[in-house]
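Worksheet: one structure, shown below.
The values are calculated or read from the model by the stated rules, or taken from the named source; none is laboratory data. It should be emphasised that the depicted structure is a prediction, and the values quoted were computed from it without experimental measurement. Counting neighbours? That spans all protein chains shown, and the Cβs are built from the backbone with ideal geometry, glycine included. Heads up: the accessible areas ignore ligands, DNA and RNA and are worked out on the full protein's heavy atoms, side chains in. Shrake-Rupley method; radii C 1.70, N 1.55, O 1.52, S 1.80 Å.
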Amino acid sequence: MLTGKWLDIGPTTQIQPGSARTLPVAGGEEIAVFHTMRGEFYALVNKCPHKAGPLSEGIVHGDTVSCPLHNWRISLRTGEAQGDDKGCTPTIPMKVDAGRMFLLREAVVGPVAQSGVAA
Ligand code: FES
């Protein structure tokens, strides 16, 4: 559901701490929304900057995720590869309000509006 500047993508209870959920967008792309064990939420394009591994299937440690393909660690805050690895996955601004998750609409408006993400 589109609500002004923010796109409501559903209740926070849809994502267990330490895991992620994906949202399909146009062109076969996905956004991965992560819920950390600390209770923080982050959204990134669901592609590792190395060889496009599905970050949503990685293991979340603090505010990073380990890619399931070759174990690069990616910052959930910035999308940057950690350590000696180089590369960056785009992040999507998001917020949590009253137990619901919202993505910044302008960051995803075209693809998400076309694919109709269910709340
Ligand atoms: S694709 Fe992610 S570490 Fe290689």
Report, ordered by the first and then the second residue, all pairs with beta carbons closer than 6 Å, sequence separation of six or more or different chains, a first member in region 66-77 that is more than 17 Å from Ser19 (Cβ to Cβ) and aromatic (Phe, Trp, Tyr), and a second member that is open to solvent by 10 Å² or more (accessible area, probe 1.4 Å) and within 6 Å of the ligand (Cβ to nearest atom).
Trp72/His50
Only one residue in Pro68, Pro24, Pro90, Pro49 is away from the ligand (no atom under 16 Å from the Cβ) and in contact with a strand residue (DSSP E or B) (Cβ under 9 Å, 6 or more places away or on another chain), so which one is that?
Pro24
Find the residue count for region 29-45, including only residues that are within 15 Å of the ligand (Cβ to nearest atom) and either within 10 Å of Cys67 (Cα to Cα) or of a type in the set (Gly, Ala, Ser) (or both).
1
Could you please let me know if Asp63 is more than 8 Å from the ligand (Cβ to nearest atom), without any contact (Cβ under 8 Å) to a residue 24 or more places away in the chain and surrounded by fewer than 17 Cβ atoms within 10 Å (Cβ to Cβ)?
no
Return the residues of region 66-99 that are in a strand (DSSP E or B), acidic (Asp, Glu) and surrounded by fewer than 15 Cβ atoms within 10 Å (Cβ to Cβ); say none if nothing qualifies.
Asp97
Scanning region 26-57 for residues that are open to solvent by less than 30 Å² (accessible area, probe 1.4 Å) and either basic (Lys, Arg) or over 13 Å from Leu103 (Cα atoms) (or both), which turns out farthest from the chain's Cα centre (by Cα)?
Gly53
Among the residues of region 20-30, is there at least one that is at pLDDT 95 or above and not polar (S, T, N, Q)?
yes
